[in-house]
Amino acid sequence: MTISEEARDRLADVVELQPTKNAELQDRWGMESGSEVHQYLENELGDYYFRDDNSLIRATAEAADLVDVEPGIESDPDADGAPSRIRVPELQTQIVAVLAGPDERSESVVSVLHNLRDEFDIDPEAEAVRSGLQSLRRKDVVEVEYRTVPTFRLAVDRDDLEVEIAG
């Protein structure tokens, strides 16, 4: 099956961002709604993606071979659980750098936002931080603990995780 240049670029996004959701692709592709993303996936990339048991969007092995993009996550085939390498947007790399470790008390979105401001002199929107934390959670790098509000911490030791900025 031959796909257009635009479809190939968008397929590369799916490979890079997986596991992902409609909303994340909607932001990346500048679309109006999750429904528009779903329609595009079905109509243009139907042979190259699937939804896993958690309804997250993943690329097929054939899709990864078709585009020249490194997958967003890599795991040691002999290890269970969290990946050993992730490629994520810069804000998510910064979140990993400041977020509480696996043996530390989990932090709220606001706490992570303050840590980002202090460490990197940036001022992202709280929703961007929340979205980044949830994306990292889908990649099994961050875990959530529900207290009065959802709180987050790394699910893996920083030393056991290689984090690269996705281009």
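Here are the numbers:
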item: Among His38, Leu113, Val98 the positive-end extreme of the charge dipole of the chain (Cβ point charges); result: Leu113
item: Ile122 paired with Ala61, simple spin-label distance in nm, labels 7 Å along Cα-to-beta-carbon; result: 3.5
item: Contact order normalised by residue count of the chain, Cα under 8 Å, 6+ apart, percent; result: 23
item: Cβ-based charge dipole, the chain, positive-most Cα from Tyr48, Val129, Thr151; result: Thr151
item: Where only alpha carbons of the range 85-165 are counted, the Rg and the Dmax (Å); result: 11.3, 32
item: Computed FRET value (nearest 0.05) for Asn54 with Thr2, which takes r as the C-beta separation and R₀ as 22 Å; result: 0.10
item: Cα Rg, Dmax, the chain, angstrom units; result: 16.4, 51
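The numbers here are math on the coordinates, done by the rules we state, and not lab data. Quick caveat: nothing in here was measured; it's all calculated off a predicted structure. Neighbour counts are summed over all protein chains in view; Cβ atoms, including those assigned to glycine, are modelled from backbone coordinates with ideal geometry.
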